[in-house]
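First up is the structure itself, then whatever we jot down about it.
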Amino acid sequence: MKDIKFRVWDNVDYMSKPFTLLDVQRRLTQFTHDCTVMQYTGLTDKNGVEIYEGDILSTDLSRPYLVVEFLGGAFMYQCHDSGDDYYDHMSPTCDIRTQDEYCAVIGNVHQNPELLENR
């Protein structure tokens, strides 16, 4: 069974290292109640970097940056092409190879909001 991993943004200036629910139960990690929790998607980018909710991905394609979100029970990335916003699925079982073949994590919405200013 694969561990479900998370990370936490303290809503100020700290991003935690990845942890599991077992780590929380064993009190190996602690965080305040006023924080943002982001789940690991189970996917990695083209460089082997784990992709989490809130990550910003660049692509080798002619697409602007993608933002990873969890919507309707699935991990998705928000696309902004030709002035239109839409969502596309991220899944290791889908035939969408974009996330592992073309995408690279370049930051996240908490620590790097400036990356999204000119989308």
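Seen from R7, the other residues with C-beta closer than 12 Å to its C-beta sum to a net charge of -3, counting Lys and Arg as +1 and Asp and Glu as -1. A viscosity of 1.567 mPa s and a temperature of 4 °C, combined with the Kirkwood radius over C-alpha pairs in the Stokes-Einstein formula, give region 9-49 a diffusion coefficient of 109 µm²/s. For region 7-85, taking the reciprocal of the average inverse distance between every pair of different Cα atoms yields a Kirkwood hydrodynamic radius of 14.3 Å.
None of the figures in this text is laboratory data; all of them are computed from the coordinates on show. As the structure is a prediction and not an experimental result, all values here were calculated from the model. Cβ coordinates were reconstructed from backbone atoms using ideal geometry, including for glycine residues, and neighbour counts include every protein chain displayed.
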